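The values are calculated or read from the model by the stated rules, or taken from the named source; none is laboratory data. Predicted model, so just to flag it, every value in this text is computed and none were measured. Glycine also receives a Cβ, built like all others from the backbone with ideal geometry; neighbour counts cover every protein chain displayed. Areas reflect the complete protein model, heavy atoms only, side chains present, ligands, DNA and RNA absent. Shrake-Rupley method; radii C 1.70, N 1.55, O 1.52, S 1.80 Å.
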Amino acid sequence: MSLLHSPRFIDPDHDHQQCVASALSKAEQICLEQGQRFTSIRRKVFELIWQQHKPIGAYQILEELQQQARTAPPTVYRALDFLLNLGLIHRISSLNAFVGCVHPGASHEGYFLICTSCRACAELSTLAITREINRSAGQCGFVVQDRLVEVMGLCPDCSTEVNPA
């Protein structure tokens, strides 16, 4: 299997502040390059998503924002749409939630490993999966426009708890 980037779950000892700061910096750069405004509400929604390192739902985002100031649901949904359209976040359909994109600005498909126990998520960029989906779809005469693959299972931490070595 050829990987563009190795999938991995977040190490609990990683520098979380640096991680979020780096994601914010990259988002600002992409907005600037695309001639888009990274408004304060878009920034706050983006930060909340990255703070989690797990998929977070729109209602949870709304609740967090309402603790800071009065925020209407359409405002949150518009910010989420903006971030999705720029490729800064992904929507995890099975959880009806959002997660930060670890490869913003790079053309790639959304392939995710999602832990059913703790909801940790790892993003894959695997050319072999993309090729096989395209090949199989083509055999059916189907034209693929977008790909989102969500694989449910147990992350390394949770699988160790279930099956200790």
For this session: Select from region 51-89 the residues that are under 20 Å from R119 (Cβ atoms), outside any loop (DSSP other than H, G, I, E, B) and open to solvent by 30 Å² or more (accessible area, probe 1.4 Å) and list them in ascending order.
Result: Q51, Q52, Y59, Q60, E63, E64, L84
Seminar exercise, completed: Subset of region 18-38, residues open to solvent by less than 60 Å² (accessible area, probe 1.4 Å) and in a helix (DSSP H, G or I), comes to C19, V20, A21, A23, L24, A27, I30, C31
For this session: Among residues belonging to region 90-100 that are open to solvent by less than 20 Å² (accessible area, probe 1.4 Å) and touching a helix residue (DSSP H, G or I) at 6+ places or on another chain (Cβ under 9 Å), point out the one that is farthest from L62 (Cα to Cα).
Result: G100
For this session: Consider G110 carefully, then state whether it is open to solvent by 20 Å² or more (accessible area, probe 1.4 Å) and closer than 20 Å to A27 by Cβ.
Result: no
Exercise. Is it the case that H103 is modelled with pLDDT under 85 and either open to solvent by less than 40 Å² (accessible area, probe 1.4 Å) or not hydroxyl-bearing (S, T, Y) (or both)?
Worked result: yes
Exercise. Within region 121-160, how many residues are among the acidic types (D, E) and either under 21 Å from I49 (Cα atoms) or touching a residue at least 40 places away in the same chain (Cβ under 8 Å) (or both)?
Worked result: 3
For this session: Looking only at region 114-165, count how many residues are exposed (fewer than 11 other Cβ atoms within 10 Å of the Cβ), among the aliphatic types (A, V, I, L, M) and part of a loop (DSSP other than H, G, I, E, B).
Result: 2
